[in-house]
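First the structure, in the form of structure tokens, and then the observations on it.
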Amino acid sequence: MSTISNLENGQELLYRLERSINPSLSPIMKAIIDLSNQDKLPLYLVGGPLRDLLLGRPIVDIDLVTEGNSHELANAVANKITCRMIPYPRFKTVTLYKDTARLDLATSRVEHYKASGSLPTVFLSNISQDLMRRDFTINSMALGISKINQATLIDPTDGLADLHQKLIRAQHSNSFTDDATRILRAIRYEQRLSFTIESQTLNWMLEAQSNDIFSTITPDRLRKEIGIIFREEQPLKVFKRVAKLQTLEAIFKPLSKSNWMESESLDKQLDPLVWVGILAYALNLDEAHEFILRLNMPNKWSKVVLDTIKLKSAISVLAKTSLSVLQLCELFDKIHRSSLKAVSLINPDSQVKSHIGQYLEHYRNVKPLLNGKDLIKLGIPEGPLVGKLLNKIKLARLNGKITTKTEEKKIATSWLSKMLT
Ligand code: ATP
């Protein structure tokens, strides 16, 4: 459970920040502060890291806002310190990476949405205006960290009070029509922090989603937002709430059939691709194709979706008690590992679980000792036949017919001679 620590004193917060920051980022942070001090420019810690600092939660990435030019500042930092820098001129932001740590530096700005869900047009502003464009009050605070504004907490929307009351509160009634991804963000924060979505905010959310507001969100943005849920500490908790608020079906109607939410085996962190399979499990083939389009899924995701549907259609076979190693390999070899994992987690049949478990633990990893090049050396023509033969050798190994490399070679040459006659 998150509790607010006695860190509302700005100076205390700065000490805490120094202690909590990823050590890889310390030199970058110091350089940005020094350069801001030289130019007497206000610099702020904003958004998520400040919220987490106030809650005494660990800080992962750092978000800074300057009232100066973020790109010039980042260039000056990159001249002093080796780091990777990716500028986003359209949004007046720059991301700096050092090892696995990440720091976002933005110029304070306001955003105007021409239409619901569209990317905003960005204008320069001061820090208070910048905070007023943000999603929720608890994410709309700033802490001065350069000399000119050191240790000043700026909180134009009373975020601190909401942090005390554990409330997720949007700033205005159009928040969710401006950007429907905020609906998922609200639920994510609510579940992650064990907060409550404030009642008016909840009404605004539900009204926006009943007006089909998700249709204004591009597939790529929607996929990105769902992908963030996959990486939460407790994704199942978030999905249960998403389902309860009927947000899942507002995103894609057939997902309302999802009945895996009660499965305790999902109450843990899983590979994001396994979650893709879990979401797909409720769908039929046509719906699966539509889902792939709705999220503009990359190849890996769509393979997991389609393989999950394929596996589902084979459930009655999988539930049979007697399936040989060869039958299991024939059924599973071409199926994505994440689909297998998803189905074994969701399907309640113990036989299905055991077949998939055995296959993943033992048979999936069995490989011939010979490789493709060895087969070509033996005279097998390059092309699909090589893969086919490797598979046959693997099956012969699984069957216990052969165990050594010499035996594999023997089998390959006998196949070759059969092929040539
Ligand atoms: P997390 O803790 O999950 O990393 P975060 O709070 O740091 O989340 P980000 O998604 O990294 O959030 O965004 C950084 C900040 O930008 C947020 O704290 C919020 O102030 C603002 N923000 C992000 N997305 C939106 C949005 N869709 N609408 C308005 N403000 C947003």
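The values are calculated or read from the model by the stated rules, or taken from the named source; none is laboratory data. In this text, all values refer to a predicted model and were calculated from it rather than measured experimentally. Cβ sites come from the backbone with ideal geometry, for glycine too, and all protein chains shown count toward neighbours. Ligands, DNA and RNA are stripped out before the accessible areas are found, and what is left, the full protein with its side chains, is counted by its heavy atoms. Shrake-Rupley method; radii C 1.70, N 1.55, O 1.52, S 1.80 Å.
Assorted remarks:
- Residue in segment 126-177 that is nearest to the ligand (Cβ to nearest atom), counting only those that are farther than 11 Å from GLY47 by Cα, open to solvent by less than 20 Å² (accessible area, probe 1.4 Å) and not in a helix (DSSP H, G or I): ALA170
- Among the residues of segment 391-407, those identified as open to solvent by 40 Å² or more (accessible area, probe 1.4 Å), under 21 Å from GLN327 (Cα atoms) and part of a helix (DSSP H, G or I) are ASN391, LYS392, ARG397.
- Per-region count, segment 78-116, residues open to solvent by less than 50 Å² (accessible area, probe 1.4 Å), within 22 Å of the chain's Cα centre (by Cα), within 14 Å of the ligand (Cβ to nearest atom) and without any contact (Cβ under 8 Å) to a residue 24 or more places away in the chain: 2
- Residues (part of a helix (DSSP H, G or I), crowded, with 19+ Cβ neighbours inside 10 Å and touching a residue at least 40 places away in the same chain (Cβ under 8 Å)) located in segment 280-293: ALA280
- Single condition LYS410 does not satisfy, out of (1) at pLDDT 85 or above; (2) more than 16 Å from PHE332 (Cα to Cα); (3) under 42 Å from the mean Cα position of the chain (by Cα); (4) surrounded by 11 or more Cβ atoms within 10 Å (Cβ to Cβ): (3)
To keep it simple, each residue is scored yes or no on (1) under 23 Å from GLU225 (Cβ atoms); (2) under 25 Å from the mean Cα position of the chain (by Cα); (3) hydroxyl-bearing (Ser, Thr, Tyr).
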{"residue": "PRO156", "(1), (2), (3)": "no, no, no"}
{"residue": "LEU167", "(1), (2), (3)": "yes, yes, no"}
{"residue": "SER175", "(1), (2), (3)": "yes, yes, yes"}
{"residue": "ARG188", "(1), (2), (3)": "yes, yes, no"}
{"residue": "SER194", "(1), (2), (3)": "yes, yes, yes"}
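- With respect to (1) open to solvent by less than 40 Å² (accessible area, probe 1.4 Å); (2) within 12 Å of the ligand (Cβ to nearest atom), the lone exception for ARG185 is condition (1).
For every residue, the table says whether it meets (1) under 21 Å from THR308 (Cβ atoms); (2) of a type in the set (A, V, I, L, M, F, W, C).
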position	(1), (2)
ILE229	yes, yes
VAL242	yes, yes
THR247	no, no
ALA250	no, yes
LYS257	yes, no
GLU262	yes, no
SER265	yes, no
PRO272	yes, no
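Per-residue answers, yes or no, for (1) closer than 19 Å to PRO298 by Cβ; (2) within 15 Å of the ligand (Cβ to nearest atom); (3) hydrophobic (A, V, I, L, M, F, W, C):
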position	(1), (2), (3)
GLU190	no, yes, no
ARG221	yes, yes, no
LYS224	yes, yes, no
LYS240	no, no, no
ALA250	no, no, yes
PRO254	no, no, no
SER265	no, no, no
ILE278	yes, no, yes
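- Residue in segment 196-204 that is within 12 Å of the ligand (Cβ to nearest atom) and within 24 Å of MET132 (Cα to Cα) present: no
- Among residues of segment 319-346 that are under 24 Å from ARG397 (Cβ atoms), those with a beta-carbon under 6 Å from a residue that is at pLDDT 95 or above and open to solvent by 20 Å² or more (accessible area, probe 1.4 Å) at least six positions away or on a different chain give the pairs HIS336/LYS303.
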